[in-house]
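Working notes, beginning with the structure itself.
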Amino acid sequence: MKERFDYGQNPDKTEGGELISSYGCDHMTADAEFLLSKAKYKAATDREQRRDADVLCYQIRQSFKPGEITPEEANRIGYETAMRWTKGKYAFFVATHTDKAHIHNHIYYNSTSLDCTRKFRDFIGSGRAVRRLSDRICLENDLSVITNPKLHSKGRFLHYGAWLGTERQPPYKEQLRLAINEALAKRPADFDAFLRLMEASGFTVKHGRGGTISFLVPGQERATRLRASTLGDGYDPEDIKTVIAGERPIPEQPVPAPAAPRRVNLIVDIQERLRSGKGAAYARWAKVYNLKQMAAALQFMQEQNITEYDQLSAKAEDAVSRFHSLTEQLRRTEADLSTTSELMGAVVRYAKTRPVFDGYKAAKYSRKYLAEHEAELADYRAAKATMGELLGGEKLPKMAELKEKRRQLAARKKALYTEYRSAQEEMRQAVAVKANIDHLLGVTDGQRKKEQER
């Protein structure tokens, strides 16, 4: 295999206009090189996968918002994504396409490592993991990401355009107002003609008590009543009749003001640190470090739907409280399990040595018998003392009950430990993000100054 690690700032450009960069291979002969590495893997490890289960290479597709990035920058980001995903252990090449409105990358990486000693193993949740990595890198480069993407677990998959179109469908009330305005623009002769136009456009008309009129928008479960309090000024039945009579204009469609994007700006002033004489190398390190911290924090807050600092603080506190609560539950469960296991062991030792004690008692506590069975009698006394201490005056349960209790406690410990590890990871992430936010916003520095003033 060619040892080619050539991501340059000038990736190759094909006749079709696509950009290609590569690592550990030549994109022109990548298929042959990947096959060769598989043969080397078999020779080095004497292992070979089934033909139907073998994978030559894996593909990652990475798209960007139209007009937000250049092909060269997209290729660089794709290369960085591939390098961080494979950790530099697998050859890959990145093809950047510009034939669509959105620039996108196709990343192909070898299933066999560069040293031909191991295979890349796909794992459960790998799709989500590579998406999070791609989002992280995009955030580091101030690019848009899709927040809360829909995961298709059932039914057919939708292409991105169809999925985005569904997401952008206006609310039912807005659809109804638009349809009413369109029907009125056709100048119906009377109110009944207006209702027929609404039905012709796909809306179901429902007549209620007292002459009330409601419309059912296609796909809607509950009908929307025709009245101003629901649809806005100008949408009462009397208002509609007045428009039909030509006595007032068609009501204007209210235009909702676009919600201002709520972003958390986490920027560290590196210039301030430069004044301390750290130098250009430190500036480069600090810039990359802070960009990565900012991207990680923003990604966490987007996934948790956090937009305010107080929400982040509450999230961190809740995560810490949950972790400590589970730690205490796990500690108590482990203590109960240890006590039950110790009691069971003491019962078994007691049962084994009780006949020896009965013989000692029958021998009227003979010194000769004691000398012959001193070890067994010592075990008997120790087991009895342990049982008395653990039971605390309570009645000794049956062995079957003790076994069932131990089984339940072991199952509870296993379940708690799984939850405990999840809570531990959640706490570490939340606390780390909050610490980074505090640092980036200067909260930590302010607290330190207050402490020094005190």
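The values are calculated or read from the model by the stated rules, or taken from the named source; none is laboratory data. All of these numbers come straight from a predicted model, not from anything done at the bench. So basically every Cβ, Gly included, is an ideal-geometry build from the backbone, and we count neighbours across all protein chains shown. When the accessible area is computed, the model is the full protein with side chains, heavy atoms only, and any ligands, DNA or RNA have been set aside. Shrake-Rupley method; radii C 1.70, N 1.55, O 1.52, S 1.80 Å.
A few remarks follow.
- Leading residue at positive end of dipole, the stretch 180-249 (Cβ point charges), from 224, 194, 237: 224
- Test item: Cα-centred dipole of the stretch 380-434, Lys/Arg +1 and Asp/Glu -1 on Cβ, debye: 220 debye
- Residue order for 358, 438, 318 - accessible surface, 1.4 angstrom probe, largest first: 318, 358, 438
- Calculated FRET value between residue 402 and residue 144, using beta carbons and R₀ = 56 Å, to 0.05: 0.40
- By a 1.4 Å probe calculation restricted to protein chains, residue 421 has an accessible surface near 130 Å², given to the nearest 10.
- Between residue 329 and residue 362, the simple label model (points 7 Å from Cα in the Cβ direction) yields a spacing of 5.3 nm.
- Length gained on full extension, residue 341 to residue 222: 36.9 nm, using 0.36 nm per residue less the C-alpha separation.
- Between residue 245 and residue 394, residue separation times 0.36 nm minus the direct Cα-Cα distance comes to 44.6 nm.
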